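Below is one structure, written out as structure tokens, with a few remarks after it.
FYI, it's all coordinate maths here, none of it is from the lab. None of these values were measured; they are calculated from a predicted model. As a convention, Cβ positions derive from the backbone with ideal geometry for all residues, glycine included, and neighbour counts pool all protein chains shown.
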Amino acid sequence: MKYNTSSSNDAAINESEEWVREVLDPDQLSTAKLHIGRLALTGKTMLLLWGLRVYVALMVVMSGIQIWNALHAGA
Amino acid sequence: MEQVISNDITTEDIKRARDRSNVRTARTQGGGRSLNLLWLLIGPGILVMLGENDGPSMISYAQTGATYGVGFFIPFILLTFAMAYVVQEMTVRLGAATKRGHAELIHERFGRFWGFFSLADLMFLNFLTLVTEFIAIRAGLGFFGVPPAVAVLGGFLAVAAVTLSQRYWTWERITLGFATFNLIFVPVALMTHPSAGQIAHSCLTWAPIPGGVNATFLLLIMSNIGATVTPWMLFFQQSAVVDKGLTSADLKHGQVDTAAGAVLAATAAICTVLATATLYNHHVKASSFQGAEFAQALVPFLGTLAGKLFAVGIFEAGLVAAITISASSAYAFGEVSGGAHSLNSNLREGWPIYAVLTVAAGIAAALVLIPHAPLVFIVLIVNVIAVLAMPPAIVFLILLVNDREVMGEHASGRMSNFLGITVTVILVLAGLIYGVTTIFPQLLKV
């Protein structure tokens, strides 16, 4: 079992590179991930997402009304 | 998929490799069921659940107990944590299978617009929530006579100190240590000598609901949902799973971790309701109480120790949530901006996320010291807003967890989708009911 107990400096990085590559999965390395492309969004999915955004906008307005009423009542 | 090859090994990789090396050793020496392996792999699930038992949540539970006693809300809280498990388990699979945080995955799969939109949603809500955590820190320590400025500054320094350890493992273990104090509500509940029969009856009948269904009842329903299932949890747990280095081989332990977190958090939540049910039983009007006032109100009935424990619990709830929620913002910012997004990063590599984390916490802490702010209302409304913001977040989650191109064999099956969609429908309905009753409050006065 090999543990790297050195502090995080460049020398430590060079010494342990092989060991790090052996221990971690390739896509666990912070700078060597597989690049995932965009998901092809269907019309239905786009509609769903925009519908949800409209929902959020409406709910923010309703929350605003609730806050206004509560603060007004408090005053 | 296009592979980007790089020869760079960062300090983040080295630290994660140490953690993974320990896991590999434990698995080799003790087998898949060893306690040591479990100890090494738990963390994100327990932290996310106990983190969500935050200041506003504990005050919501306290309000619930003081307003309705032991009844409908006991099984309802169990249901909300079951919902939380369904949602959070998906983030474990996503993180372990894709090795990407939630914001990063939305950004990559749905494009920059949705990535930044989700990030903005999260950062705004997290900031509001952070304010409420510092309110809890102030309230909890205020019970012991600590001046507000000292309490808030101390809380901020604790958040900064834990995070700036620059080591995920250290951050996780210290935060877990703090989070165990969430169970301090258990002895407070035991001091009330709760009736097992009454609790069992409430679980079987979902009753009583004193006063029936009215605006207060609906607000507490929303607050309790908001106390259990919120957007930051999705972003935090997935990013923490990735930062911890969990892989597909660790999925079972990730699920156990999440289930354990749900059980512990539900226990603390129900014990808070049981504790403040004392106030309901003694007809104490607690509708405008803050955290410390609950602690003080319990003293005449349960003694000074109960009040002190309750106050410590409120302080702990705020502190742990401030640590985890600010980490969630920092992770998401790093993931979408393309910079370092690991608590294993050193200050040179990860300064942007550490800056986001400490600046957000610092501003939130400062705001709490503004005189005459309507603190109780802010605390309750944050949970409600969190519920309203949840449906879009969970829809992205379900789309991603069904994305077989990145999830492979770990994509959701029929049962998981059924449960996930059911939870989404419940959350959307809760939001709609809240919205309709806000515009037409007379509907509740029949």
(request) With a Förster radius of 22 Å, plug the Cβ-Cβ distance of B:L164 and B:A366 into 1/(1 + (r/R0)^6) and report the FRET value to the nearest 0.05. (result) 0.70
(request) Calculate, for A:D27 and B:Q296, the FRET efficiency according to 1/(1 + (r/R0)^6) with r their C-beta to C-beta distance and R0 56 Å; round to the nearest 0.05. (result) 0.60
(message) Can you give me the Rg/Rh ratio for region B:240-285, using Cα atoms for both radii and the Kirkwood formula for Rh?
(response) 1.35
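Dividing the convex hull volume of the Cα atoms of the protein assembly as shown by its residue count, what figure in Å³ per residue is obtained? Display every interim value, and only then the final one.
Numbers: hull volume 77.4 nm³, N = 521.
So the per-residue hull volume is 149 Å³.
Arrange B:T64, B:T358 by Cβ neighbour counts within 10 Å, fewest through most, would you?
Numbers: B:T64 28, B:T358 17.
Ranked by crowding around the Cβ, least crowded first: B:T358, B:T64.
Calculate the FRET efficiency for B:W39 and A:L58 from the Cβ-Cβ distance with a Förster distance of 30 Å, rounded to the nearest 0.05.
Values: r = 46 Å, r/R0 = 1.54.
Step by step, r from the Cβ atoms, then E = 0.05.
Ranking B:F289, B:F144 by Cβ neighbours within 10 Å, fewest first, what do you get? Before the final figure, lay out each step's value.
Details: B:F289 21, B:F144 13.
Result, fewest neighbours first: B:F144, B:F289.
Find the all-direction average of the projected area of the Cα convex hull for region B:1-146, expressing the result in square nanometres with one decimal place.
Details: hull surface 57.0 nm².
Projected area, direction-averaged: 14.3 nm².
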(request) At 7 Å along the Cα-to-beta-carbon direction for both A:H72 and B:R24, put a label point, then send me their distance in nm to one decimal. (result) 6.5
(request) List A:M62, B:M222, B:M407 from most exposed to least, where exposure is judged by having the fewest other Cβ atoms within 10 Å. (result) B:M407, A:M62, B:M222
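If the viscosity is 0.692 mPa s and the temperature 37 °C, what Stokes-Einstein diffusion coefficient in µm²/s follows for chain B when Rh is the Kirkwood radius over Cα pairs?
Numbers: Rh = 22.0 Å.
It diffuses with D of about 149 µm²/s by this estimate.
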